[in-house]
1. How many of the residues in the range 1-27 are assigned to a strand (DSSP E or B) and either loosely packed, with under 13 Cβ neighbours inside 10 Å or at pLDDT below 95 (or both)?
2. Residues that are assigned to a loop (DSSP other than H, G, I, E, B), modelled with pLDDT of 95 or more, closer than 18 Å to ILE164 by Cα and touching a Lys or Arg at 6+ places or on another chain (Cβ under 8 Å): does the range 114-131 have at least one?
3. Which count do you get for residues in the range 54-77 that are crowded, with 22+ Cβ neighbours inside 10 Å and either on the phi < 0 side of the Ramachandran plot or not in a loop (DSSP other than H, G, I, E, B) (or both)?
4. Within the range 131-145, which residues are surrounded by fewer than 20 Cβ atoms within 10 Å (Cβ to Cβ) and within 13 Å of GLY82 (Cα to Cα)?
5. Would you check which residues across the range 106-128 are closer than 24 Å to LEU183 by Cα and in contact with a strand residue (DSSP E or B) (Cβ under 7 Å, 6 or more places away or on another chain) and list them?
6. In the range 78-102, how many residues are surrounded by fewer than 19 Cβ atoms within 10 Å (Cβ to Cβ), in contact with a helix residue (DSSP H, G or I) (Cβ under 7 Å, 6 or more places away or on another chain) and either closer than 22 Å to LEU38 by Cα or among the charged types (D, E, K, R) (or both)?
7. Looking only at the range 28-38, how many residues end up being part of a strand (DSSP E or B) and hydrophobic (A, V, I, L, M, F, W, C)?
8. Here are LEU36, LEU30: which of them is crowded, with 16+ Cβ neighbours inside 10 Å and touching a Lys or Arg at 6+ places or on another chain (Cβ under 6 Å)?
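The values are calculated or read from the model by the stated rules, or taken from the named source; none is laboratory data. These numbers were taken from a predicted model, which means no experiment stands behind them. For neighbour counting, all protein chains shown are included, and Cβ atoms are generated from backbone atoms with ideal geometry for every residue, glycine included.
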Amino acid sequence: MSNFLSDDELQALGIKKYGSDIRIGRFAILYTPELLTLGNHVRIDDFTVISGSVTLGSYIHISQFCGIYGGEKGIIMEDFSGLSSKCTIYATSDDYSGCSMTNPTVPDQFKPGYIDRSVKIARHAVIGCGSVVLPGVTVDEGTSVGSMTLCNKTTDPWSIYIGIPARKVGERKKDILKMEQQLWENEYNG
């Protein structure tokens, strides 16, 4: 038996839409598969939890023990983006200021500060292990986020960020754009 779900098992999940070459680990948890859209060449490793509205482009890898919480506003991961192990992406969050009650068992009327803002992990953005992205943030194109980084604000494209909170420490090379072009050409011609 494979560590990844078979085509029949994928179909039985009720995923909203998915392309070809989809590999989802047997121990991944999809709470709302009817809100999940997957492109082509997507791999979701074991012990990852995905809930809410989530759209993954093509050529995406989500490593083990990640949490992706899309809520209603949703999370979009564009082509060639990826999450290393133990990353957490939140489009939703309770308000911990004391102005709202917290947790999913409390009725919405008692949670006036509840946060639900879309998150975008843009093309070629990569998030290092143990990092967290908060609601409303865009990790812009080509951004590299180092391990254990807290992204609480939108990043600049093709930059490198580290720390808590995230701070820009450099620029990222764009060599991968030529490689992307070759990959697409090979896929189209292959």
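1. Qualifying residue count for the region: 1.
2. Scanning the range 114-131 turns up at least one residue that is assigned to a loop (DSSP other than H, G, I, E, B), modelled with pLDDT of 95 or more, closer than 18 Å to ILE164 by Cα and touching a Lys or Arg at 6+ places or on another chain (Cβ under 8 Å).
3. Adding up the residues that qualify gives 8.
4. Selection gives ASP140 alone.
5. LYS120, ILE121, ALA122, ALA125, VAL126, ILE127, GLY128
6. Total satisfying the criteria: 0.
7. Count: 4.
8. Only one candidate passes the filter, namely LEU36.
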